[in-house]
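Trainee: Below: one structure in structure tokens.
The values are calculated or read from the model by the stated rules, or taken from the named source; none is laboratory data. This one's a predicted model, so the numbers in the text were calculated from it and none came from an experiment. Cβ placement follows ideal geometry from the backbone for every residue including glycine, while neighbour counts extend to all protein chains displayed. Heads up: the accessible areas ignore ligands, DNA and RNA and are worked out on the full protein's heavy atoms, side chains in. Shrake-Rupley method; radii C 1.70, N 1.55, O 1.52, S 1.80 Å.
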Amino acid sequence: MLPICAKKLMLNNSVAILVASLCCVAASSTAAATKTKPKTIAASTDQSTVAIAGVVSVSDFELNTFVFSDPVKRIFFPAGSAVKGAPIYLQENTQVMLQFDKGQKPIQMVAELANGGTEAIRVQPKAIPGVVHAVNGARSSRTGSKRIVAQDSTSPASPRAEDIELLKKLAATGEAPSGFDPISLPRPTRFDKFTVVPLAGWSDGATKRIIVFSLVAAQGQTAVVSPPQFYRQGISAVVVDGDVVDNANSPQLYVVEDLNND
């Protein structure tokens, strides 16, 4: 028979062995969890890079305009997508007008560009007015090669010379003036022979608001335009980068609005 002290020693050794075993199991489980966790994160990251980011809400009853930084060769949609009519190409194919049907789930839209690249977005038709969407923040930079038409400062419209120069610089560079931030755009305005479609707008938050429009001809119509046509109360300067609106020409209209005007 073993002495009591010997029995206690054996019991203590057994407890020590059990605790050591449990520690080993816990360490192994922790190590396994540590190894598998990065794999899960990596898989999630890979999926997010493949997915097309964002969904653009578009009208399901009016024309929508997409503005690209480069000319577009073709537009593609998955089979079965309800798109009404063929795409309408404007501004040397840097703008595309599309109309979508009602009751559609988000639709993939892929544009093949003339430079060999592609742009892919998802659009969701909704019961909202037609939108103008600048793909990846694109703005037309082709206005610098066009003839800028501005109202003479001695005319009855009496534009502000400093605002005219502001618009000429914007038309030439395509860059918003320093100190101006983007604003929400108004709805398109339809005239007899063309539609005035907002493309971009900025405000200094205090005195001025600048909006750039595209003049889009109605089907088969031609119109001659000039700055005096677009003056009204509160408009301090108008510049147009062309004087003919038809199926082949969509001039851009630049307007400065005085925020302090009553």
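Trainee: State whether the residues of the range 49-64 include one that is surrounded by 12 or more Cβ atoms within 10 Å (Cβ to Cβ), outside any strand (DSSP E or B) and modelled with pLDDT of 90 or more. Full working, then the answer.
Mentor: Within the range 49-64, the subset surrounded by 12 or more Cβ atoms within 10 Å (Cβ to Cβ) is 52, 55-64.
The next check asks that each one be outside any strand (DSSP E or B); those that pass are 52, 60-63.
If we keep only those that are modelled with pLDDT of 90 or more too, we end up with none.
Checked against the condition, which is being surrounded by 12 or more Cβ atoms within 10 Å (Cβ to Cβ), outside any strand (DSSP E or B) and modelled with pLDDT of 90 or more, the range 49-64 yields no hits at all.
Trainee: Okay, next question. Ile128 fails exactly one of the following numbered conditions: (1) assigned to a loop (DSSP other than H, G, I, E, B); (2) among the aliphatic types (A, V, I, L, M); (3) at pLDDT 90 or above. What is the number of that condition?
Mentor: Of the numbered conditions (1) assigned to a loop (DSSP other than H, G, I, E, B); (2) among the aliphatic types (A, V, I, L, M); (3) at pLDDT 90 or above, the odd one out for Ile128 is (3).
Trainee: May I pose another question? State whether the residues of the range 219-232 include one that is of a type in the set (Lys, Arg) and either within 17 Å of Leu63 (Cα to Cα) or in contact with a strand residue (DSSP E or B) (Cβ under 7 Å, 6 or more places away or on another chain) (or both). Write out each step before concluding.
Mentor: Residues of the range 219-232 that are of a type in the set (Lys, Arg), as a first pass: 232.
With either within 17 Å of Leu63 (Cα to Cα) or in contact with a strand residue (DSSP E or B) (Cβ under 7 Å, 6 or more places away or on another chain) (or both) added as a condition, the list becomes none.
No, the conditions are met nowhere in the range 219-232.
Trainee: Those residues that are closer than 22 Å to Gln229 by Cα and of a type outside the set (A, V, I, L, M, F, W, C), I need them from the range 158-182; list them, please.
Mentor: Ser158, Pro159, Arg160, Glu162, Asp163, Glu165, Lys168, Lys169
Trainee: Same structure, new question: For the range 203-260, what are the residues that are open to solvent by less than 30 Å² (accessible area, probe 1.4 Å) and among the polar types (S, T, N, Q)?
Mentor: Residues satisfying the conditions are Ser203, Ser214, Ser236, Ser250, Gln252.
Trainee: Looking only at residues in the range 87-125 that are charged (D, E, K, R) and in contact (Cβ under 8 Å) with a residue 24 or more places away in the chain, which one is surrounded by the fewest Cβ atoms within 10 Å (Cβ to Cβ)?
Mentor: It comes out as Lys102.
Trainee: Kindly establish whether Ala157 is at pLDDT below 80, of a type in the set (A, V, I, L, M), in a loop (DSSP other than H, G, I, E, B) and open to solvent by less than 70 Å² (accessible area, probe 1.4 Å).
Mentor: yes
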